[in-house]
Every structure is written in C-alpha cells, then in structure tokens.
Amino acid sequence: MLLQDKVAVVYGAGGPIGQAIARGFAGQGARIHLAGRTPAKLDVAADAIRGDGGAVATARVDALDEKSVADFVENVVKKDGRLDISVNVIGYQDIHKPLLEISTEEFLQPIVNATRTQFLTTRAAVPHMIRNGSGAVLTFGGSGNGMSGLGGFKIALDAVEALRRQWAQELGAHGIRLITLRTGGIPESLPDSLPEDERREITSMIDGATLLRRSATLADVGNIAAFAASDLARPITGTEINMTCGAVLE
Ligand SMILES: NC(=O)c1ccc[n+]([C@@H]2O[C@H](COP(=O)([O-])OP(=O)(O)OC[C@H]3O[C@@H](n4cnc5c(N)ncnc54)[C@H](OP(=O)(O)O)[C@@H]3O)[C@@H](O)[C@H]2O)c1
C-alpha cells in the first residue's frame, strides 16, 4: 500500500473534500487523524473509514487557533510517534459581493483566514517532518482567473498558492513537498440541501467546462491525494496536480 506506516492529519475532515482525502489515505494504509470543530461531522467520516477497515481518530480542533492546532499536532505525534502528511481543507466562510458593496472586513475575512490557517497548520507539522527528513503538505482548490463579485475568495486562493510556492522553496532541502490538488469543482461535494434543479445546473456547468465532459469524483480526489502524499510522487513539489479533467490547461 502507498501510505503504509504513514501518519496523516486532515483539517476540515467533516466536509466532503476532507472526508474523501482521508478515505483515500486510509485506503492506502495511513493512520489518519481527522480534525474539525464539529465532532458529529468527524464521527460520520471516521465511521466510513472504519467501515473500510481504516485506522482513524478524531479531534475537535479550531484550525484558526494557534494553541488548538499546536496541541492537536503534539497529541498526534505523542500517540503515533510521527507525522508524515498534513492536509488543510477547511472552508473559509467567504462573502461573495462586488467591490463597491463589500466592506473592508468582509473582503479581508477569507484572505486572513486562509493564510492564517495554512500558516498555523503547516508550521505545526514541519518540525516533525524535518525530523523524518520527509513530508507532504497538500492544499486543495487552486486559483484561476477569478469571477465578478467574489469578494476576497479568489484572492485567498491565490494567497494559498503563493504560500505553497514560498514554503516549497524553504522546505525542499528537508525533503518536504508542497502540492496543490487543482480542481475545477467536484459536483458530488455540492451540499445535500441544494435543490435538485440547481444541482443539475451546476453539475452540467462544471462538466461542460471540461475536455472529458465529466468532472473528478470524490473517489478521484482521495486517490490523487494518496498518490501526491506517497513516495511515488517524490519528484513532485511546489506545483499543482491538475485534476480538472481538462477544464484548466497548463
Ligand atoms: N468542493 C469543491 O468542489 C471545491 C472546489 C474548490 C475549492 N474547494 C475548497 O476546498 C475546501 C474543502 O471543500 P469542502 O466542500 O469540503 O468545504 P466545506 O464543507 O465548506 O468545509 C470543510 C470543513 O471545514 C471545517 N472548518 C471550517 N472552519 C474550520 C476551522 N476554523 N477549524 C477546523 N475546521 C473548520 C468545517 O467543519 P466545522 O464547521 O464543523 O469545523 C467543514 O466541515 C474548501 O476550502 C473549499 O473552498 C472546494
């Protein structure tokens, strides 16, 4: 298995993307620690992983709080002896409004939250990875051309891409790799609460923008994340893995 004996943390594991990534890791033999603010959501993800025979633990963690993140990582290393993979896919509560309608605070919120949480979780993981001489830090989403009226959302994604490039430079000498899993949107992750006609419309918009006339599934997300975090991907760092089914060409 690709991730046998590896230990992974996934922040935002109560959401569909975090769950998919955690499941992909567990399916390849990693021991997984799921972090989020709502234990009930983490329990659902953990039950699915245990059902597949995976090794998993959950922890209530606020990934925007320095002490909460630091304590969590210390506990993981105390329990499992190491940390190999760190993934932060928390939602940023972005406010979509055009420039002339958005307040300063609303504009800055996703940018500050995105950079703060990626900073906190990466910095907490890195000392343990340096000790191993290897590690993988993954982010999900990627940036793009933006779209009218998105407030600070796309700017936050751009900022995370800049962090990925910066830290890949700083940490490469320690064998630590940083990779963005670049998506064009995962229709399966749309919330259950969405009315069926809206779901169909969004899905057809996402699928229609691809060259393959289909988009990545949650299982694809888990498989590609597992590959990116594994030693098979050892030459890959500081870049994106493009899983947009051709919606974005390099
Ligand atoms: N789904 C897609 O197609 C897609 C496309 C592009 C980018 N993305 C990005 O990928 C990420 C994951 O997507 P998703 O659909 O799984 O997102 P999501 O459901 O909106 O968020 C994932 C989880 O983040 C947790 N969270 C929020 N704030 C947190 C905090 N301070 N500390 C710890 N956990 C926190 C939430 O749980 P609690 O509130 O219970 O903590 C939530 O379950 C998001 O950043 C999203 O913007 C997704």
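Given the structure, is residue 216 part of a helix (DSSP H, G or I), among the aliphatic types (A, V, I, L, M) and over 14 Å from the mean Cα position of the chain (by Cα)?
On the way: part of a helix (DSSP H, G or I): no; among the aliphatic types (A, V, I, L, M): yes; over 14 Å from the mean Cα position of the chain (by Cα): yes.
Against the criterion (part of a helix (DSSP H, G or I), among the aliphatic types (A, V, I, L, M) and over 14 Å from the mean Cα position of the chain (by Cα)), residue 216 does not qualify.
Name, by its number, the condition in (1) surrounded by fewer than 19 Cβ atoms within 10 Å (Cβ to Cβ); (2) part of a helix (DSSP H, G or I); (3) in contact with a helix residue (DSSP H, G or I) (Cβ under 9 Å, 6 or more places away or on another chain) that does not hold for residue 200.
It is condition (3) that residue 200 fails.
Please go through the stretch 75-98 and give me each residue that is free of Cβ contacts under 8 Å to residues at least 24 places away in the same chain and part of a loop (DSSP other than H, G, I, E, B), ordered by number.
The one that is free of Cβ contacts under 8 Å to residues at least 24 places away in the same chain and part of a loop (DSSP other than H, G, I, E, B): 93.
Considering each residue of the stretch 125-145, count those that are free of Cβ contacts under 8 Å to residues at least 60 places away in the same chain and within 13 Å of the ligand (Cβ to nearest atom), and give that number.
3
Name the pairs: first residue in the stretch 28-47 and assigned to a loop (DSSP other than H, G, I, E, B), second residue surrounded by fewer than 21 Cβ atoms within 10 Å (Cβ to Cβ) and among the aliphatic types (A, V, I, L, M), Cβ to Cβ under 9 Å, at least 6 apart or on different chains?
Between residues of the stretch 28-47 that are assigned to a loop (DSSP other than H, G, I, E, B) and residues that are surrounded by fewer than 21 Cβ atoms within 10 Å (Cβ to Cβ) and among the aliphatic types (A, V, I, L, M), the close pairs are 28/1; 28/2; 29/1; 29/2; 29/55; 30/1; 30/2; 30/55.
When you go through 121, 117 one by one, which is the residue that is within 10 Å of the ligand (Cβ to nearest atom), modelled with pLDDT of 95 or more, of a type outside the set (Phe, Trp, Tyr) and touching a Phe, Trp or Tyr at 6+ places or on another chain (Cβ under 6 Å)?
On the way: 117 fails: touching a Phe, Trp or Tyr at 6+ places or on another chain (Cβ under 6 Å).
The conditions single out 121.
Take the stretch 54-74 and flag every residue that is part of a loop (DSSP other than H, G, I, E, B), over 10 Å from residue 23 (Cα atoms) and over 17 Å from the mean Cα position of the chain (by Cα). Steps first, please.
Start the filter on the stretch 54-74 by keeping residues that are part of a loop (DSSP other than H, G, I, E, B), which leaves 54, 61-65.
Among the residues that remain, those that are also over 10 Å from residue 23 (Cα atoms) are: 61-65.
Scanning the stretch 54-74 gives a single hit, 65.
Mind checking which pairs have a first residue in the stretch 2-21 that is assigned to a loop (DSSP other than H, G, I, E, B) and a second that is among the charged types (D, E, K, R) and more than 7 Å from the ligand (Cβ to nearest atom), Cβ under 6 Å, 6 or more apart or different chains?
Going by the 6 Å Cβ cut-off, the qualifying pairs are 6/84.
The values are calculated or read from the model by the stated rules, or taken from the named source; none is laboratory data. Just so it is clear, the structure is predicted and the values come from calculations on it, not from any experiment. FYI the Cβ positions are ideal-geometry reconstructions off the backbone, even for glycines, and counts take in every protein chain you see.
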